[in-house]
Amino acid sequence: EADQIRLLRLRRGKPSKYMRCELQPAVIGSSECPRYTAMSYCWGDPTATRVILLNGKRHKVTESVHDLLSSLLSKSIGWIWIDAICINQNDNDEKSLQIGAMGRIYTNARRVRVWLGNEADGSHFA
């Protein structure tokens, strides 16, 4: 269903080897849909990956996505939508539906954040 999405939440707790995350289904625009932040970011090198725990199972993400999630750990951001995780990248039918729904996903977000990568070479002055 085109209005069905998944939302991600970082799980805080005692430090572990892998970042822990929770994925939950939601329906865009429904009263039960949690408020969420849509993330826009640079995908980075698809061959450079790290592992997170997603609903208790190991899941590979790009270093760029891992860095983005790490940057959010200290913030109270709540639910987020990030395409690399919230869309099943192994399902072309789902990807097609979700890409078609991206306008609604971003429009219905509480806010949209853009992340360009880790601070480097004096970029904090920008």
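The values are calculated or read from the model by the stated rules, or taken from the named source; none is laboratory data. All values reported here derive from a predicted model rather than from experimental measurement. For neighbour counting, all protein chains shown are included, and Cβ atoms are generated from backbone atoms with ideal geometry for every residue, glycine included. Side chains are part of the model used for accessible areas, which takes the heavy atoms of the whole protein and leaves out ligands, DNA and RNA. Shrake-Rupley method; radii C 1.70, N 1.55, O 1.52, S 1.80 Å.
Could you work out what % of the accessible surface of segment 1-80 is carbon and sulfur, using a 1.4 angstrom probe and leaving DNA, RNA and ligands out of the count?
Working: 2310 of 4650 Å².
Whole-percent figure for carbon plus sulfur exposure: 50.
In degrees, nearest 10, range 0 to 90: what is the angle between the Cα axis of helix 63-72 and the longest Cα principal axis of the chain?
In the chain, helix 63-72 runs at an angle near 90 degrees to the longest axis.
Express in % the proportion of alpha carbon pairs of segment 39-103 at distances exceeding 16 Å.
Values: 1078 of 2080 pairs.
Within segment 39-103, distances greater than 16 Å cover 52 percent of Cα pairs.
Of the candidates Ser64, Ser30, Ser40, which one comes out as most mobile in a Gaussian network treatment of the chain with C-alpha springs shorter than 10 Å?
Ser30
How about segment 12-85: which chymotrypsin sites (Phe, Trp or Tyr not before Pro) there are in a DSSP loop, with at most 15 other Cβ atoms within 10 Å of their Cβ?
Within segment 12-85, the qualifying chymotrypsin sites (Phe, Trp or Tyr not before Pro) (loop, at most 15 other Cβ atoms within 10 Å) are Tyr18, Trp43.
Would you list which lysines come within 23 Å of Lys17, measuring only between C-alpha atoms, while excluding same-chain residues fewer than 8 positions from it?
Lys57, Lys60, Lys75
Rounded to the nearest 0.05, what FRET efficiency do Arg11 and Thr49 give with R0 = 22 Å and r taken as the Cβ-Cβ distance? Could you check? Let's see the in-between values first.
On the way: r = 20 Å, r/R0 = 0.92.
The computed FRET efficiency comes out at 0.65.
Counting other Cβ atoms within 10 Å, which trypsin sites (Lys or Arg not before Pro) in segment 46-82 have at most 16 and lie in a DSSP loop?
On the way: sites: Arg50, Lys57, Arg58, Lys60, Lys75; in loops: Lys75.
In loop regions of segment 46-82 (DSSP not H, G, I, E or B), the sparsely surrounded trypsin sites (Lys or Arg not before Pro) are Lys75.
Tell me, in nm to one decimal, what length is gained between Lys95 and Glu32 on full extension, where the rule is 0.36 nm per residue of separation less the Cα-Cα distance?
Values: separation 63, 0.36 × 63 = 22.68 nm, distance 2.33 nm.
Value of the extension gain: 20.3 nm.
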